[in-house]
Amino acid sequence: MLSDGAASAHLGVGARSGAPADEVLALVGAVLREAGLTRADVGSLGTLDARAAEPGIVAAAAALGVPVRGFRAAELAAVPVPHPSARPLAATGTASVAEAAALLAAGEGLRGAGDVVPLGGAGGALLLVPKRKSRYATCALAASVPVRPNEDAPGVRLLPLAHGYIAGEPGSPPTIPTPHTTAAMDTHTHTDAHDLRHHGDAEVRDEKLIDLAVNVRTNTPPDWLRERIADSLTGLAAYPDGRAARAAVAERHDLPSNRVLLTAGAAEAFVLLARALPVRRPVVVHPQFTEPEAALRDAGHEVGRVLLREEDGFRLDPAAVPEDADLVVIGNPTNPTSVLHPAASITALARPGRILVVDEAFMDAVPGERESLAGRTDVPGLVVLRSLTKTWGLAGLRIGYVLAEPETVAALERTQPLWPVSTPALVAAEACMSRAALAEAEHAAHRIGVERAHLLAGLAEFDEVRTVAGAEGPFVLIRIDGADAVRERLRSLGFAARRGDTFPGLDRNWLRLAVRDRATTNRFLQALDQALLIGG
């Protein structure tokens with residue numbers, strides 16, 4: 001419930017024509033749960049006046065027992081909103097119907113209550129929950145803030161916390177809303193606090209911790225690969241020549257060489273894609289590796305997000321991706337969820353005129369590489385990215401590659417600088433394509449599966465821990481209430497785990513754990529037991 005010093009909360013809802021009532025109600029319920037409020041706390045529901053008679057909005061207001069407040073487009077447009085979107089701006093003149101309507105309704109809620117309210121805009125309004133989206137609706141929540149004659153007028157107030165703008169006790173975490181649809185589509189320009197540039201290496205840098213934060217296989221590179229790389233150092237006076245490595249990658253995937261591009265790791269490939277391709281509406285499926293979105297944003301793109309949900313096992317519903325997306329990025333198996341999506345689900349995303357980017361950086365850790373799309377030439381617009389970092393321990397060498405249509409490869413290559421991949425990296429790429437190396441990688445994938453099962457069995461003994469089912473990668477994703485504090489206690493016990501709150505779609509209650517050998521896992525499980533006991 002809201003405190004006695006504040007008036008009721010006010011919802012803002014934006015909806016497309018014909019938005020289903022159950023979807024609007026589900027989204028409203030999710031926003032209220034996120035704020036820790038009930039229906040009794042809501043004073044009104046605001047929306048665009050032209051949408052005030054929409055059945056979904058009327059049904060939501062009736063269920064809440066509150067009036068619908070319709071605002072003119074010009075009124076909504078005068079309200080500054082923290083999460084603007086181009087589509088509602090073009091359609092209605094306001095960059096967010098939900099946020100503007102919530103703030104206006106909250107400001108109007110104070111008039112006549114004996115409080116001094118700043119004139120104009122949405123004075124005295126506090127945004128509790130920013131815009132949340134389902135397929136056909138958006139919803140935001142604001143509260144009326146009384147302003148006395150001897151107080152400064154707050155105007156529109158926004159509380160910046162870890163995941164955007166949300167109210168609560170100091171330091172309290174937001175939770176992920178659960179709209180009615182399988183995945184929520186979020187296409188605004190993101191100003192949230194997800195640190196897209198945070199990666200697992202930051203968890204162990206400069207500290208001597210047992211590393212469960214970085215997904216690189218331990219005891220790598222193997223001796224034979226180290227020797228091949230060391231031997232290449234005698235040829236550093238010559239410029240790199242990538243033809244042999246490129247041919248080896250092509251042969252490994254049974255492709256012509258003009259469908260292969262060698263890169264300085266998969267991270268470079270994301271930068272090339274963002275800069276070289278003339279896309280207008282890129283979409284990234286989250287939670288996943290954050291570099292694709294970071295690279296697209298750095299290149300000036302407005303990036304849409306499809307947020308997969310825990311309730312659905314973080315599994316892809318192709319229908320959740322908007323039809324007009326001309327570039328779609330998804331990981332398989334996905335980092336950090338460890339979910340392996342069926343190849344058929346991913347190829348269902350292919351469309352004429354769309355680039356479909358599949359990050360398969362961890363696919364060689366899956367026995368048989370089942371569900372891989374590498375080598376497929378029948379999927380229009382397909383781009384597959386591979387990395388040699390994880391299985392072979394080459395993060396410091398930077399080597400990966402792109403598999404795509406020749407025209408796409410040529411466009412990416414034109415964006416690369418001269419000699420982008422070093423001679424040692426090229427030698428490593430060629431060596432890792434050999435039959436012996438592929439057999440070793442397959443053996444390692446089976447071993448990882450055994451060790452992952454042992455880790456999951458140990459985690460299942462903790463009532464406080466919930467794991468994402470069906471993990472197929474060399475890592476698992478777990479949920480613990482207050483996982484951020486648990487992570488800090490684990491650090492004091494000598495273990496580094498990857499924080500989850502930097503991944504869009506996750507919050508501070510998530511951790512990613514790399515799969516390690518049985519002895520290391522057993523020590524970690526003991527440390528986790530201590531960390532949970534300390535916290536309890």
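Numbers at a glance
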| quantity | calculated |
| --- | --- |
| Yes/no for T263 being surrounded by 20 or more Cβ atoms within 10 Å (Cβ to Cβ) and of a type in the set (S, T, N, Q) | yes |
| Residue in the stretch 37-46 that is surrounded by fewer than 20 Cβ atoms within 10 Å (Cβ to Cβ) and among the hydroxyl-bearing types (S, T, Y) present | yes |
| Check on P282, crowded, with 22+ Cβ neighbours inside 10 Å and either in contact (Cβ under 8 Å) with a residue 40 or more places away in the chain or touching a strand residue (DSSP E or B) at 6+ places or on another chain (Cβ under 7 Å) (or both) | yes |
| Failed item, numbered, when E430 is tested on (1) part of a loop (DSSP other than H, G, I, E, B); (2) modelled with pLDDT of 95 or more; (3) charged (D, E, K, R) | (1) |
| Residues within the stretch 468-517 that are more than 14 Å from P336 (Cβ to Cβ), in contact with a Leu (Cβ under 9 Å, 6 or more places away or on another chain) and among the charged types (D, E, K, R), tallied | 4 |
| Pair list, Cβ under 9 Å, 6 or more apart: the stretch 13-31 residue closer than 18 Å to E99 by Cβ, other residue among the aromatic types (F, W, Y) | A15/Y136; R16/Y136; A19/Y136; V24/Y136 |
| Number of positions in the stretch 223-251 that are more than 24 Å from R414 (Cα to Cα), surrounded by 15 or more Cβ atoms within 10 Å (Cβ to Cβ) and of a type outside the set (S, T, N, Q) | 3 |
| Subset of the stretch 417-468 (residues that are of a type in the set (G, A, S) and surrounded by 13 or more Cβ atoms within 10 Å (Cβ to Cβ)) | S422, A425, A428, A429, A431, S434, A437, A441, A444, A445, G449, G458 |
| Tabulated pairs, the stretch 90-101, first at positive phi, second crowded, with 24+ Cβ neighbours inside 10 Å and at pLDDT 80 or above, C-beta under 9 angstrom, 6+ apart or interchain | G93/L76 |
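So that you can scan it fast, the table gives a plain yes or no per residue for (1) of a type outside the set (D, E); (2) under 19 Å from the mean Cα position of the chain (by Cα):
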site: E461; (1), (2): no, no
site: T467; (1), (2): yes, yes
site: G473; (1), (2): yes, yes
site: L477; (1), (2): yes, yes
site: I480; (1), (2): yes, yes
site: R491; (1), (2): yes, no
site: G494; (1), (2): yes, no
site: A497; (1), (2): yes, yes
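The values are calculated or read from the model by the stated rules, or taken from the named source; none is laboratory data. Treat the numbers as computed from the prediction; the structure is a model and nothing was measured. Cβ sites come from the backbone with ideal geometry, for glycine too, and all protein chains shown count toward neighbours.
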